[in-house]
1. Could you go through the stretch 38-55 in sequence order and give the Karplus-derived ³J(HN,Hα) for each residue, using 6.51 cos²θ - 1.76 cosθ + 1.60 with θ = phi - 60°, rounded to whole Hz, and x for Gly and Pro?
2. Are there GluC sites (Glu not before Pro) in the chain that DSSP puts in a loop and that have at most 11 other Cβ atoms within 10 Å, and which ones?
3. What net charge is computed for the residues neighbouring V14, neighbours being all others with C-beta under 15 Å from the C-beta of V14, Lys and Arg scored +1, Asp and Glu -1?
4. Amide H to amide H, which residues 5 or more places from T70 or on other chains are under 5 Å from it, using H placed in the peptide plane?
5. Tell me which residues come under 5 Å, amide H to amide H, from G77 once H is placed; ignore anything under 5 positions away on its chain.
6. State the answer as a single residue: which of L25, I2, I47 lies farthest towards the positive end of the charge dipole of the chain, with beta carbon charges of +1 for Lys and Arg and -1 for Asp and Glu, about the Cα centre.
7. Nothing charged except the Cβ atoms of Lys and Arg (+1) and of Asp and Glu (-1): what's the magnitude of the dipole of the chain about its Cα centre? Round to the nearest 20 debye.
8. Using 0.36 nm per residue of separation minus the Cα-Cα distance, give me the extension gain between E74 and S21 in nm, one decimal.
Amino acid sequence: MITLYDLKLGDIGVVRKIHTSNRELRERLISFGIVQGAEVEIRNCNINKQNIEILVSDTLIALRKEEAQTIEVEKIGNGKED
């Protein structure tokens, strides 16, 4: 299993599952369009990768490291660092 946090800059993945028991976080992610089957692209991250900017359905979203680590993805495209 890889998470959104494991993807590199420019990588594209498909959301497979959200692993959290935190209802508020789950609802927040869903409200952003981060749902099973959604395509996500890593657009930016800070130097120590504490925050990650992703593109989901033409919307840029910033996530904390801990939030990104709850999102299981399947990598479908390579990024700029590969």
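Only the coordinates and a few stated rules stand behind these numbers; no lab work does. Note that the structure is predicted; figures quoted are calculated from it, not measured. Cβ coordinates were reconstructed from backbone atoms using ideal geometry, including for glycine residues, and neighbour counts include every protein chain displayed.
1. Along the stretch 38-55, the couplings run 6, 8, 10, 10, 6, 9, 6, 7, 7, 4, 9, 6, 7, 10, 10, 9, 10, 10 Hz.
2. E81
3. On the way: positive: R16, K17, K75; negative: D6, D11, E39, E41, E72, E74.
Around V14, the surrounding residues sum to -3.
4. Excluding prolines and chain starts, which carry no amide H, there are no hits.
5. The answer is I12.
6. L25
7. 200 debye
8. Numbers: separation 53, 0.36 × 53 = 19.08 nm, distance 2.11 nm.
Taking 0.36 nm per residue and subtracting the Cα distance, the gain is 17.0 nm.
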